[in-house]
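To start, the structure under review is shown below, and the notes come after it.
The values are calculated or read from the model by the stated rules, or taken from the named source; none is laboratory data. This is a predicted model, so every value here is computed, not measured. When we count neighbours, we look across all protein chains shown, and the Cβ atoms used for this are built from the backbone with ideal geometry, even at glycine. Surface accessibility is based on the protein's heavy atoms, side chains included, excluding ligands, DNA and RNA. Shrake-Rupley method; radii C 1.70, N 1.55, O 1.52, S 1.80 Å.
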Amino acid sequence: MDRIELADFLRRARTRLAPSDVGLATGARRRTPGLRREEVAQLAGMSTDYYTRLEQRRGSHPSRQMLTALARALRLTADERDHLFHLAGEEPPRPGASCGHVRPGLLLILDRLHDVPAQVISDWGEVLAQNTMAVALSGDCTGENMIRRYFTESAVRSLIPAEDYEKHGRAHVAGLRAVVAARPDDPGPAALVAELLGSSEEFAALWALHEVAVRRASTKRFVHPVVGVLDLDCEVLLSDDGGQRLVVHSARPGTDTYERLELLRVIGLQDFTPSSPENNPSSP
């Protein structure tokens, strides 16, 4: 681990970003350019003290998960992410394998979506980033796999009408099968399939149907505990290689759902937002 070079790289990456670049309010006049240390720590989901120690050349060795979070928070390109891993003494994610690094272009768009729920997910269900509206709609599930949660946590289904269970389940399985066929050497999707075949009879039955479908634009219904049922249009923007997608949910102006979505934006994150694994449903 090259602490001197790592500290310099983190500091320079931080100072080149403006708060508006990452969806933060500019606030009061700043004496120095770029993001504050506490803002990077917040975006990366780590303590300010730990991040500060990294910039001061005295931090402990960051984990691969933490390096991925830092690359996402600092909006690093794939080459910059690999450099970050090398400075920390780690091998970057190998080509062709799934990773949690969100493409900067997708994050740039996500940061500018303030009035509709949006999130970046991998093609096999890993939630990589969410905006505030997505968290208000379905709970904070960044870093989790929505397919795993759908088939193993009953509380997740409280977010959708019961009559839509089968449609969502089949869509999850069909999409996952397409990924496994396209990347048979990727350990992440393959391990998820093996896990769910052993833990969910429902998943096993759907897997046996051998249905294949890539997720595209559709409509979805959500059941929110305060604003009620939301009929949302779901648009999907794919990355260049198709491995990541920006999923945006919106409502048509003039509809009841549009008014309810506006109410959700106003009330934001309240105590009713799920906060534990048992009652924190992820987006189906």
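Protein heavy-atom accessible surface, 1.4 Å probe, per residue over the chain: 49 Å². For the pair the stretch 18-47 / the stretch 73-91, the C-alpha centres are spaced 20 Å from each other. When the chain is treated as a Gaussian network with alpha carbon springs shorter than 10 Å, the biggest mean-square fluctuation among 19, 33, 62 belongs to 33.
In this simple spin-label model, placing a label point 7 Å from the Cα along the Cα-to-Cβ direction at both residue 211 and residue 170 gives a separation of 0.3 nm.
Computed from Cα positions, the angle between helix 256-267 and the longest principal axis of the chain comes to roughly 30 degrees.
Taking Cβ atoms as reference points and 15 Å as the exclusive limit, the residues near residue 47 contribute a net charge of 0, counting Lys and Arg as +1 and Asp and Glu as -1.
Over the stretch 23-65, the pair-distance histogram of Cα-Cα distances with 5 Å bins from zero comes to 5, 19, 27, 24, 14, 8, 4 percent, rounded to whole numbers.
With 0.36 nm allotted per residue and the present C-alpha distance subtracted, the residue 223-residue 38 stretch has 63.1 nm of extension available.
For Kirkwood radius over Cα pairs in Å, the candidate list reads [x] 19.0; [y] 21.0; [z] 20.1; the entry that matches the value derived from this model is [z]. How far is helix 64-73 tilted, in degrees, relative to the longest principal axis of the Cα atoms in the chain, given as a value from 0 to 90 rounded to the nearest 10? Result, in degrees: 90.
Among 79, 231, 111, the residue with the largest mean-square fluctuation in a Gaussian network model of the chain, with springs joining Cα atoms closer than 10 Å, is 79. Is any residue of the stretch 50-76 close enough, with backbone N under 16 Å, to a label point placed 7 angstrom from the Cα of residue 153 along the Cα-Cβ axis, and if so, which? Under cut-off, by backbone N: nothing. Against the chain, whose longest principal axis is taken from its Cα atoms, helix 78-87 shows a tilt of about 50°. For the chain, the share of accessible area belonging to carbon and sulfur comes to 51 percent (1.4 Å probe, ligands and nucleic acids excluded). Computed about its Cα centre, the charge dipole of the stretch 6-65 is approximately 240 debye, with only Lys, Arg, Asp and Glu carrying charge at their Cβ.
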